[in-house]
Amino acid sequence: MRFVSRGNAVTTLGRLGEYRELLPFSALLFLIVVSSILSPHFLSATNIRNILAQVSVIAVLSAGETYVILTGGIDLSPGAVLAFSGVVAAGFMKWWGVSGYLAIGIGILVGILCGAVNGLLVTKVRIPSFVATLAMMAVARGGALIWSGGVPISLFPPEFRSIATYFGPFSGLTFLMLAVYIGGQLVLSRTRIGRYIYAIGGNEDAVRYSGVKADLVKLYAFTFSGFCAGLGGVMAAARLDSAYPIAGEGYELDAIASSVLGGVSFVGGIGSLTGTFMGALIMTILGNVLNLLRVPPFYQYVARGTVLAIAAISLSRGVRYAK
Amino acid sequence: MSIRKLASVVICVGLFLALAAPGSVAPKPVKAAVFVSSLAHPFFVDMVDGAKAAGKKFAVEVISYDARNDVEQQTRQVEDAIAAKVDAILLNPITAEGLVAAVKKANAAKIPVFTLDRDVVGGDRIAYIGTDNVKAAMEGAKKLIELLQAAKKKKPWRIVVLEGTPGASSAIERGQGFKNVLDPLKKAKEVDIVADLTAKFDRATGLKVMEDILGTTKDIHGVIAANDEMALGALEALKAAGLKVGFPDGVIIVGFDAIKDAVEAVKRGEFAATVAQAPYIMGYWGVEAAARHIREGWKPPKGTPVYKPTGALLIGTPTMVVTKENVGQVDKVTKTPPKLPGTK
Amino acid sequence: MDVLLKVEGISKSFPGVKALEDVDLELRRGEVHGLLGENGAGKTTLMRILTGIYRKDTGRILLEGREVEITDPSVAKSLGIAMIHQELSLFPNLSVAENILFGREPTRPLSPFVDFAAAYAHAREILQMLGDGIDPQMKVGRLSFGDQQKVEIARALSMNAKILIMDEATSGLAVKEIERLFELIRSLKGKGISIIYITHRIDEVFEICDRVTVLRDGRVVGTADVQGISKQEIIRWITGRTIEAFYPKEAALAGEVVLAVEGLSTAGTGSVNLTDIHFRIRKGEILGITGLLGAGKTEVCKALWGMERVVKGKIWIEGKEVRIRTPYEAQLHGLAYVPEDRRTQGLISEMSVAANLTLPKLHELSRMLFFIDGAKEAEVTKRWMEKLRIAARSPRQKVKALSGGNQQKVVIAKWLETKPKVLLVDEPTKGIDVGAKVEVRRLLSQLAQEGMAILLASSDVEEVLSIADVILVLHKGRVTGRFPREEATKDRVMACAMGIEERVTTL
């Protein structure tokens, strides 16, 4: 086929279509503009500070979820792993007097182990990720209930809580989230592992035929997701000054929604953490502005669902054009 | 008549009298089965403890079942108990709809059913023994107003209401209780509802919703929540925003349920109050009512209110508004069963 | 012969691309009309317009002298135009009859249930028209590729198709099956059915077609009777230049043995198990492995690539015995594998040329073994793009936008970058256009001359005959023929491939 030379207009537009983050970004911008018109409080310093703290836990889980979805898999366990690592860290502090910093490490380690088990189930035992992580979801939730005896564990030493305190205008949680995103995005776009992750999502067979150890890469993605869930568990516990076994129920769905809203393709291989971050912000801001506007609870469900559906429709449209 | 003969006659008569006399040393043996949703929750552990205590007192053999929040499991357990021919069923149903079939089976087997803490929507129940959520929520709200008054806050008092998961019966009833107290005051311009939002009975959501509210205003006098989890989340948000909490000069927070963390918060003075329920008494009264129903034909007395959502007669168990002053007595009060209504 | 279909002055543009410009095509009743052209010449676009998938921008379509508007696929169906796809669109889990009558299952009056007896009878009737004894109750997935194709043709006929469009109909077929297909085409012709026959194999045009039309860059280059045109001329029409289709490889300088395989047997997941395979490849030598479909060509490559379970046999590389259990180990030992199906096994179509090209050797392009050196990566990619004349806008262009030939070059380049000792290539010219085929063959010859050992697995006998130094013929997983290049003829090789003859000269 020949390219008709009609200036660069066509190719420039075509290029823009390749930036998948453009659509979530526009959606986010639109939501921010509408929100600030509807509520005078939306753009206040306090509210922005709040949003950046509120988004942190979901955003961190979404980062891990994005890694897994990019490889063409899915992780249903982050919500439960969050609760499990939270109560384990809390238990070590409250019952055995472990220091707050060590407890943070323990919590993250629990997450990493759960993620690694997911990864091994998928790569070695060859269970589909949907089933493997569904099993992990149940086991981790059960683990959290057994460990905590079903009741919240609360009131932690100050060094544990320090990650949730405010440094200047921003919560420590916001910084942790940014660290995960900057590091995670760097790995995705600049390193071999990132390249392999995209490649596996694009065509796992071709990667195997290329002599790359695809299983190791998938294991890495699941372990990273577990790390994120563990970190999320510690962050949530520090923020609430309490870890409870039923924490994070349904968070896995929020994490998946954030990824998809951010333009991450469900079949794998396409998307970025930048997009996911915007997806997570869209989810959080939506909840925030509905509360600012004092929308009654029943109507909040409808409003939230409607906005998500509209966002998803416009996103899938855009994707089709981009192809 | 020989002495021996006389003695045997005396013994026979004595035995006869002993068996016939009501309330005497050897009453009719009763077997009662208690079904709870999940023993992973201390609330239900207390319920079973209360039932067992009553079992000792009233000579009832109490068998307890834990369904681990599995409706099918609970249904099977009820069926097993029917097959084992228990005399009474004390059911804490996992869902109001899911256990109707099990209750109907018990009805068919002519075994009396009492529901504890939660009711079912069908089948025959002698009584529903549990907290009257509307009444208890009203007590909590009244306490909040009383404390606002005592703290001499400027009227109108600015209050935040945190509701439970939309649609859940306990959320609806507690919300109704709050309304019963607050609405007239709102009309009288003594109270200003800053926000009335749901935090889905969840602590993290409570924190988030309170943060959102604080994003619009920091002028808040009181917070009342439909459970302690949400109130504890709100407490974190208020503290993080740098607001003073507690009676009399801070934001006055009233929770519901008196869970351990909340009782601790009351002790520290961060919570002004929380409403304690009495699962122990639910279990105790359940067994007592069952025993009396079988032996004496006990029924809920005239004037017992009807629980509208299900149509059962509600025997309301006592509740207690826990404050810093009486926090030491929580266990004592919630574990000392008063007289079962309809008994002398 | 009267004209059945006439296409006049059809043009079609996509954003930025003029796919068809003023195209005329005439199809007579009972004619087999060859349609040729490189990939991207506009063949597919034209056929999609005829089958209602695309709408034309300008021009007219006349069917039996009446102008028709083919607005969507159902219109094409009702007009009797049917397409037999390169990748068959059958349901492997359903029976032959269910596939043929899909969407039109017969039912008894007032009954919601399929009348299977009627369905089988109807299907049998149509299949008999094709002169073949395929069982209508058999699951389609259990049929050979050639029989599946027949089922697809039967489906078209059952809808009273007058025009069949066959796209690369012989690409997945073994020699014998091709013969049977041609017989079938001739008999359909006799029944007055017209066929548009799209192919890359010019030989087939002379064997089966009456006339041929060649497209290039969206325009018709010309239409001719096959009797009145030479092979060379058709190639010139297609490519726009004169080229020799096959480059005989220069005789190899016999170097030392690089790869030796002895007594290789597999029990793998493939359709055939290898038994007792022996061969050696010297430096600078091309070993051609050929055979029918399912003879075990791909299995030999996969066994060497650690993707088949080897139960017996030894492999030596440069005199050292090696064990290969995974592709990772294989490439560590200096092997490289250009797989059979570049789309599903060779490339990640959503990724750039550069990312695909550097995938196996990414660690060498990384700093601290971790961060990819983008500049170095672009440099390596550009070097290969020039060397193999890969027509891509830039190293960052996605491979899915490239033509089949250029995609294949990317796959080859990605392995050459690993500087392998032995290059395994599996059907390297399948489904790419003539120009690219020539380039790929020339490249393989050249690489051998530079001293690489190459194993070429190909079902195209002529390809193997033209560039291989030694030819190994497989039949059902066993070696049935081994010829030095001078002794090999097409007939001898075919006889061995079909298992009629065995002829194994010593190594």
Find, to one decimal place in angstroms, the Kirkwood hydrodynamic radius of chain C, where the mean of 1/r is taken over every pair of different Cα atoms and then inverted. 24.7
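Could you give the size of the charge dipole of the protein assembly as shown about its Cα centre, using +1 on the Cβ of each K and R and -1 on the Cβ of each D and E, expressed in debye and rounded to the nearest 20? Each step should come with its number before you reach the end.
Numbers: 141 positive and 118 negative charges, 563 e Å.
Charge dipole, the protein assembly as shown, about its Cα centre: 2700 debye, nearest 20.
Enter the mean number of other protein chain beta carbons within 10 Å of the beta carbon of each residue in A:182-192, as an integer.
Details: counts 0, 0, 0, 0, 1, 2, 0, 2, 7, 8, 10.
Whole-number average of other-chain Cβ neighbours for A:182-192 is 3.
Per residue of the protein assembly as shown, what 222 nm ellipticity follows from adding -39500 (n - 2.57) for every DSSP H run with n ≥ 4, rounded to the nearest 500? Walk me through the intermediate numbers first.
Working: 40 runs with 549 residues, N = 1174.
So the calculated ellipticity at 222 nm is -15000 deg cm²/dmol.
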Measuring from label point to label point, each 7 Å out along Cα→Cβ, what is the A:Glu159 to B:Leu243 span in nm? 3.3
Toy charge model, Lys and Arg Cβ at +1, Asp and Glu Cβ at -1: the range C:397-507 dipole around Cα centroid in debye, rounded to 20, equals 420
Along the charge dipole of chain C, pointing to its positive end and built from +1/-1 on Cβ of Lys, Arg, Asp and Glu, which listed residue (C:Leu264, C:Ile229, C:Leu5) has its Cα farthest out? C:Leu264
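Can you list which of the DSSP-assigned H helices in chain A have a Cα extent of 18 Å or more along the long axis and an average Kyte-Doolittle score of at least 0.5? All intermediate terms of the calculation are to be shown ahead of the outcome.
On the way: long enough: A:22-38 (24 Å, 2.56); A:45-70 (35 Å, 1.16); A:78-96 (26 Å, 1.15); A:100-123 (34 Å, 1.99); A:129-148 (28 Å, 1.38); A:172-190 (26 Å, 1.39); A:214-240 (39 Å, 1.14); A:273-292 (28 Å, 1.52); A:297-322 (38 Å, 0.59).
Flagged H segments are A:22-38, A:45-70, A:78-96, A:100-123, A:129-148, A:172-190, A:214-240, A:273-292, A:297-322.
Where in chain B are the DSSP H helices whose alpha-carbon span along the long axis reaches 27 Å or more and whose Kyte-Doolittle mean is at least -1.0?
Values: long enough: none.
Long hydrophobic helices here: none detected.
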Pairwise label distance in nanometres, A:Ile32 with C:Val68, each label 7 Å out on the Cα-Cβ vector: 5.6
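Between C:Arg503 and C:Lys387, how high is the FRET efficiency from 1/(1 + (r/R0)^6) when r is the Cβ-Cβ distance and R₀ = 41 Å? Nearest 0.05.
Working: r = 39 Å, r/R0 = 0.95.
About 0.60, to the nearest 0.05.
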Give me the distance between the Cα centres of the range C:395-445 and the range B:254-298, rounded to whole Å. 77
Projecting the Cα atoms of C:Ile281, A:Val234, A:Ser189 onto the charge dipole of the protein assembly as shown, where Lys and Arg contribute +1 and Asp and Glu -1 at Cβ, the residue farthest towards the positive end is A:Val234
Can you tell me which aspartates and glutamates have their Cα less than 15 Å from the Cα of C:Lys77? Leave out same-chain residues fewer than eight positions away. C:Glu69, C:Glu152
List the lysines whose alpha-carbon lies under 26 Å from that of B:Lys260, not counting same-chain residues fewer than 8 positions away? A:Lys94, B:Lys52, B:Lys135, B:Lys142, B:Lys143, B:Lys200, B:Lys208, B:Lys239, B:Lys244, B:Lys324, B:Lys332, B:Lys335
Amide H to amide H under 5 Å from C:Val23: which residues, 5+ apart in sequence or cross-chain, H placed 1.01 Å off N in plane? C:Gly9, C:Ile10, C:Ser11
Using a Gaussian network model on chain A with a 10 Å cutoff between Cα atoms, which of A:Pro78, A:Pro24, A:Pro297 fluctuates the most? A:Pro297
Dipole of chain B, Cα-centred, from +1 at each Lys and Arg C-beta and -1 at each Asp and Glu C-beta, to the nearest 20 debye? 1300
Could you tell me whether chain A comes out rounded, prolate or oblate from its Cα gyration tensor? Rule is a ≥ b ≥ c as square roots of the eigenvalues, rounded for a/c under 1.5, then prolate if a/b exceeds b/c, otherwise oblate. oblate
Taking one equal scatterer on every alpha-carbon of the protein assembly as shown, how large is log10 of I(q)/I(0) by Debye at q = 0.05 1/Å? -0.52
Check: C-alpha center the range C:344-382 vs C-alpha center the range A:196-240, spacing in Å is 20
Amide H contacts under 5 Å for C:Leu215, restricted to residues at least 5 apart in sequence or on another chain and with H modeled in the peptide plane, are C:Leu36, C:Gly37, C:Val221
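Quick note: the coordinates plus some simple rules give every number you see, no bench work behind them. What you see is a predicted model; the values in this text were computed from it and never measured. With ideal geometry, Cβ positions are generated from the backbone for all residues, glycine too; neighbour counts draw on all protein chains shown.
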